[in-house]
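Comments concern the structure below.
The values are calculated or read from the model by the stated rules, or taken from the named source; none is laboratory data. All values derive from a computational prediction rather than experimental measurement. Don't worry about glycine lacking a Cβ; one is built from the backbone with ideal geometry, like all the others, and counts go over all protein chains shown. Only protein heavy atoms, including side chains, enter the accessible area calculation; ligands, DNA and RNA are left aside. Shrake-Rupley method; radii C 1.70, N 1.55, O 1.52, S 1.80 Å.
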Amino acid sequence: MELKVIPLPEENRKARFIDESKLGFGRIFTDRMLLVEWKADKGWGDARIEPYGPFVLDPSCLVFHYAQEIFEGLKAYKWADGSIALFRPEMNARRFNRSADRLCMPELPEDFFVEGIAELVRLEKHWVPGSEGTSLYIRPTMIAVEPVLGVKSSDHYYYYVILSPVGAYYAAGFNPTRILVEDRYVRAAPGGTGEAKTGGNYASSLKAAQEAKKKGYDQVLWLDGVHHRHVEEVGSMNMFFAYEDCVVTAPLSGSILSGVTRDCVMKLSDMLGFRVEERAIEIEQLMLDIREGKVKEAFGSGTAAVITPVGTLGFKGEDYTVGNGGVGSLTNRLYDTLTGIQYGRIPDPFGWVRKIA
Ligand SMILES: *Cc1c(COP(=O)(O)O)cnc(C)c1O
């Protein structure tokens, strides 16, 4: 696959943001994007890095009706010396192809996934913000663009990558969140698409999130889709519960997303002297353990939210405070270690960082 760079006309150059404290998440996009088309009879075409702009798509395109879509999320970080690094992008490449397989979409060569992103970010590197906690969020996406209403897998796709400078997730401080244990709605069932990063999983989660917000919670904790008995994950984060000497997280059962940050947290917890247990977490037992003070800390992990402390879990009409309701010491250490590696402040013992500029 060749990668062509289309010149950027002067009028397409947007004014770069000035106040990095007001970036928010995913509202501003850079000047260029990467686009490649796949057609059933030709396979992947040549990739183009071109001016960022809208697509003109037929209203009948399959993605609009049957949600044949997958995406990824990763970040580029600016270091103090001005260099730019990606973080474990090969993990996103592999997961993208697993999602593609589940949604009957074509796989992308993994080295192209990484190299295409690296080249795009290099061209847009002046868009990577530099203040504490900020980064350039990278959103690779694939959509089905065949114009037909019959239910089938498309014979025409767009793979594209857009970039968004994003603010510190914790602009208002590292505050514990309130999470509602969802015991009615379901995110994903065994055999479903829970393990794929696909838009449909999010569309079906909106109702529960909206109702939880009304009740004063930030997000919901999903339980398994059959018995509503075992902990799965939260929104776009995997969940961890820290006991005295061990850290527990749900196993990759097929209905939860295999987070890159989840994998990092397991390796870092081990490094920090905690035993890591991937096991079924029974909700009644977990709430009892929280009530009895055995669960010291709870937090979520994800690329966008990094490490998010959970201070309260709402369950069957009652609020349960985790630990003292504040941010625990392991949560803090994991946040500092993970972001320390991502921003090049501390050595990277795992080979996770990939410098691109
Ligand atoms: C993306 C995502 C995560 C987090 O994965 P990371 O690779 O750590 O960013 C967790 N759960 C869901 C449902 C997701 O879509």
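Residues that are buried (at least 20 other Cβ atoms within 10 Å of the Cβ) and outside any strand (DSSP E or B) within the range 302-322 comprise Thr303, Val322, listed in sequence order. Of all the numbered requirements in (1) more than 28 Å from Leu23 (Cβ to Cβ); (2) in contact with a strand residue (DSSP E or B) (Cβ under 8 Å, 6 or more places away or on another chain), Lys207 misses one, and that requirement is (2). From the list Val248, Val295, the one residue that fits, being touching a helix residue (DSSP H, G or I) at 6+ places or on another chain (Cβ under 6 Å) and over 24 Å from Lys75 (Cβ atoms), is Val295. Every condition in (1) farther than 30 Å from Lys152 by Cα; (2) among the hydrophobic types (A, V, I, L, M, F, W, C); (3) within 22 Å of the chain's Cα centre (by Cα); (4) not in a strand (DSSP E or B) is met by Met91 except one, and the failing one is (1).
Residue-level check: of (1) away from the ligand (no atom under 16 Å from the Cβ); (2) of a type outside the set (A, V, I, L, M); (3) touching a Pro at 6+ places or on another chain (Cβ under 9 Å), Gly293 misses just (3). Of all residues being open to solvent by 40 Å² or more (accessible area, probe 1.4 Å) and touching a Pro at 6+ places or on another chain (Cβ under 9 Å) in the range 225-263, which is nearest to the ligand (Cβ to nearest atom)? Just the residue, please. Looking at residues that are open to solvent by 40 Å² or more (accessible area, probe 1.4 Å) and touching a Pro at 6+ places or on another chain (Cβ under 9 Å), I get Ser253.
Count of the range 42-87 residues, restricted to those that are within 16 Å of the ligand (Cβ to nearest atom) and either closer than 14 Å to Leu163 by Cβ or not β-branched (Val, Ile, Thr) (or both), is 11. Determine which single condition Asp263 fails, assuming it passes every other condition in (1) assigned to a strand (DSSP E or B); (2) touching a helix residue (DSSP H, G or I) at 6+ places or on another chain (Cβ under 8 Å). Result: Asp263 passes all but (1).
So that you can scan it fast, the table gives a plain yes or no per residue for (1) under 22 Å from Leu3 (Cα atoms); (2) away from the ligand (no atom under 16 Å from the Cβ); (3) open to solvent by 40 Å² or more (accessible area, probe 1.4 Å):
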{"residue": "Cys104", "(1), (2), (3)": "no, yes, yes"}
{"residue": "Gly130", "(1), (2), (3)": "no, yes, yes"}
{"residue": "Pro147", "(1), (2), (3)": "no, yes, yes"}
{"residue": "Tyr159", "(1), (2), (3)": "yes, yes, no"}
{"residue": "Pro165", "(1), (2), (3)": "no, yes, no"}
{"residue": "Thr193", "(1), (2), (3)": "no, no, yes"}
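Residues in the range 53-83 that are in contact with a Leu (Cβ under 7 Å, 6 or more places away or on another chain) and in a strand (DSSP E or B): Ile70, Leu74, Lys75, Ala76. Within the range 264-273, identify whether any single residue is in contact with a strand residue (DSSP E or B) (Cβ under 8 Å, 6 or more places away or on another chain) and within 10 Å of the ligand (Cβ to nearest atom), and answer yes or no. Yes. Checking each residue in the range 196-210 for being open to solvent by less than 50 Å² (accessible area, probe 1.4 Å) and out of contact with any helix residue (DSSP H, G or I) (no Cβ under 7 Å at 6 or more places or on another chain) picks out Gly199, Gly200, Asn201, Ser205, Ala208, Ala209.
Going residue by residue through the range 6-21, is there one that turns out to be more than 16 Å from the ligand (Cβ to nearest atom) and surrounded by 18 or more Cβ atoms within 10 Å (Cβ to Cβ)? The answer is no; no qualifying residue exists.
Table: residues versus (1) assigned to a strand (DSSP E or B); (2) at pLDDT below 95; (3) more than 19 Å from Gln219 (Cβ to Cβ); (4) open to solvent by less than 70 Å² (accessible area, probe 1.4 Å).
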position: Leu288; (1), (2), (3), (4): no, no, yes, no
position: Gly300; (1), (2), (3), (4): yes, no, no, yes
position: Tyr335; (1), (2), (3), (4): no, no, no, yes
position: Pro349; (1), (2), (3), (4): no, no, yes, no
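Filtered by the rule that a residue be basic (Lys, Arg) and either in contact with a Phe, Trp or Tyr (Cβ under 8 Å, 6 or more places away or on another chain) or open to solvent by less than 30 Å² (accessible area, probe 1.4 Å) (or both), the range 178-191 gives Arg178, Arg187.
Within the range 282-334, the set of residues being small (Gly, Ala, Ser) and touching a residue at least 40 places away in the same chain (Cβ under 8 Å) comprises Ala298, Gly300, Ser301, Gly302, Ala304, Ala305, Gly311, Gly314, Gly325, Gly326, Gly328. Note on the range 94-112: among residues that are in a helix (DSSP H, G or I) and without any contact (Cβ under 8 Å) to a residue 24 or more places away in the chain, the one that is farthest from Thr141 (Cα to Cα) is Asp111.
When you scan the range 171-215, how many residues do you find that are assigned to a loop (DSSP other than H, G, I, E, B) and free of Cβ contacts under 8 Å to residues at least 60 places away in the same chain?
So the answer is 7.
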